[in-house]
1. Would you please name the residue that is nearest to the chain's Cα centre (by Cα), looking only at residues in the range B:182-210 that are away from chain A (no Cβ under 14 Å) and farther than 17 Å from B:Ile78 by Cα?
2. Give the residue that is nearest to the chain's Cα centre (by Cα), with candidates limited to residues of the range B:332-360 that are among the β-branched types (Val, Ile, Thr) and more than 24 Å from B:Leu492 (Cβ to Cβ).
3. Would it be correct to say that B:Thr177 is at pLDDT below 90 and either in contact with a Phe, Trp or Tyr (Cβ under 9 Å, 6 or more places away or on another chain) or within 14 Å of chain A (Cβ to nearest Cβ) (or both)?
4. Provide a single number: the residues in the range B:314-327 that are part of a helix (DSSP H, G or I) and within 23 Å of B:Asn232 (Cα to Cα).
5. Looking at the range B:464-502 only, could you name the residues that are in contact with a helix residue (DSSP H, G or I) (Cβ under 8 Å, 6 or more places away or on another chain) and charged (D, E, K, R)?
6. Take the conditions surrounded by fewer than 24 Cβ atoms within 10 Å (Cβ to Cβ) and farther than 27 Å from B:Val319 by Cα and apply them to B:Leu161. Does it pass?
7. Restricting to the range B:362-404, what's the tally of residues that are farther than 27 Å from B:Leu481 by Cβ, among the polar types (S, T, N, Q) and within 25 Å of the chain's Cα centre (by Cα)?
8. Is there a residue in the range B:227-246 that is in contact with a strand residue (DSSP E or B) (Cβ under 8 Å, 6 or more places away or on another chain) and over 22 Å from B:Ala322 (Cβ atoms)?
Amino acid sequence: MDQVLAVLVGCFMAVGIYLLLSRSVIRMLLGLVVFGNGVNLLIFTAGRLTRAAAPIIPAGLAQAEGPMANPLPQALILTAIVIGFAMFSFLLVLAYRAYQSLDADDTDTMRVAEPVDAPNPPLSY
Amino acid sequence: MIESVTAAGDWVLVLPLALCLLGAALALILRRDRALVLVMSLLVIAAVIACEVVLLLRVYEAGPLSMTMGKWLPPFGISFTADLFGAGFSLTAAVVTLLVLVYYEGDRGSGLDVNFHAMVLLLLAGVTGSFLTGDLFNLYVWFEVMLIASFGLLVLGGRPLQLDAAVKYGFLNFLATSFFLLALGLLYGSLGTLNMADIMRVAPQANMAAMGGIAAILLLAFGMKAAVFPLNGWLPASYHAPPPAISALFAGLLTKVGVFALLKSMVVLLPASRDLLEPVLVALAMATLLIAPLGAIAETNLRRAIGFLLIGGVGAVLVGIALPSLDGVSGAGLYIFHAMLSMTALYLVAGLIERATGATDTRAMGGLYAASAPLSILFFVLILAVAGVPPLLGFWPKLLLLQASLGQGGWSGGLLAGALVVNAVLTLIAGSRLWAHIFWRAAPDGAAPAVVGSVAVWTGYGATALLVLLIVAAGLWPNALFEILAKGAPDLLDPSRYVTAVGLAGGVP
């Protein structure tokens, strides 16, 4: 199962990076989401896959008997999903605002902060 | 299980964070009364500074201090661990933030700034957390806290220029933290732990190839955060867009956190993998040192030019990471301290210049010396400090780094020493060119006459002058800094005291 998930993680990242290389802001945003989900899946896979018991320790014991699933990756992924979703929603609104006021969703035409045809620096001094 | 309650004195470690987060929440609640929010934020930051002074003294006396959350023993519970470097940087960050808040009062103009103070406090919480945390996943969370606060500050006011800058800043920084998370997942998969002290303990026994790959991804992620040369594109594209006080805050805090995380992960956490990556680090340090000031020479927008000088400083810290001797690590640490103060001050002065001339481009400036000699002196002193002219603060870290690179002996040490010297000369050329264009030459035809000194900007002048005074004083009396370095740097090279403080001393299981 690990191998299948590893290949899937690779696919997610390849698709994410391919989309990030695009010039359209919305495609880049989707790329970031796919990439982020690839990372989440990677943490899930790296945290030991098992179909053993649920990670609940019976009352009165300090540790479980026998193998059990690893609960930590789920906590990590949950945090990462929440943070990733917050970032995604911010960037989505930002992209929309930028589209409204710059009239561009293509990064080649977003040049307000870095003008392309600026004159050369002065030669005095 | 941890059964005993943490001693009252140890709370000083998490109190700065709790205060910042509570302050941010209060600022949101009280947002209708701007004056009250301002006073509350200043008080909160003053309390944070007080806590961090106590923390610094304590760590200086007794070595690293650790606290673990929620009854779980260290490798499982989330630890906060302050070493001397982390405590010192978080103190500096709080001082810088306090001065920037004071400056902002004189400079804010009539712009819309609802929730400014809440976001600044959140940013400070993220920065302080990144400096004090002892857990890598927790570091990721603080990075994101810092990032979302900086997004908010960057678009505050919503001018098209800021939106454009925020798109580039947002995408590249979010990508960098995704790469960081990727490295975390791999590290957890191969070591089974994310506690920094535990990683220091078990990493030497782990698979060398896997650790090398993880270190390379961490270098990519933190390199992007720190604006190391080929990954620096977002910095000059975004730092000139928000109001000057916010640029100054970013310049003082954000890239420094990235470069400190790089120092910590390379030198302390994965030293064997750092040795593997050393040629890459040397090449990156040299490229950043040489190319960044050339960018500053070619740039005419004042704050964009300063952005390139800032990137050059990151190159100097990389020299320390590429040469992790005692001198190298001390030099890197002192350089981060110096850059936090000097870069903030430089952006603050740039804000005063922009306000006086009404322009952002140096081509439209000139003759400001006649209007304000003090402003020209502040700018000139800062240029000398950034270039590393003695006896200002910038000289000492460069001296340590030069000693480290010449003491190392090999070809890479010689190359790095050369790059450091050339960087200083190029920075001096770029800075004095800016100074000559803004202050010395006659004002260009048609430029608006400079207006300096309305009552409202006096807080701006005061905060900037205080920061410059701090830089000059620290340069003239650096002994206290050197004593802190002499105690703090060995802990980075030999983390046994750090591991003991977390409570993980003893053999590898």
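The values are calculated or read from the model by the stated rules, or taken from the named source; none is laboratory data. If you're wondering where the values come from, they're calculated on a predicted model, not measured in any experiment. As a convention, Cβ positions derive from the backbone with ideal geometry for all residues, glycine included, and neighbour counts pool all protein chains shown.
1. B:Ala203
2. Per the stated criteria, the residue is B:Thr344.
3. Criteria not met by B:Thr177.
4. Adding up the residues that qualify gives 9.
5. Within the range B:464-502, B:Lys487, B:Asp491, B:Arg497 meet the criteria.
6. Spelling it out, B:Leu161 is indeed surrounded by fewer than 24 Cβ atoms within 10 Å (Cβ to Cβ) and farther than 27 Å from B:Val319 by Cα.
7. Of the residues in that region, 0 qualify.
8. Yes, the range B:227-246 contains a residue that is in contact with a strand residue (DSSP E or B) (Cβ under 8 Å, 6 or more places away or on another chain) and over 22 Å from B:Ala322 (Cβ atoms).
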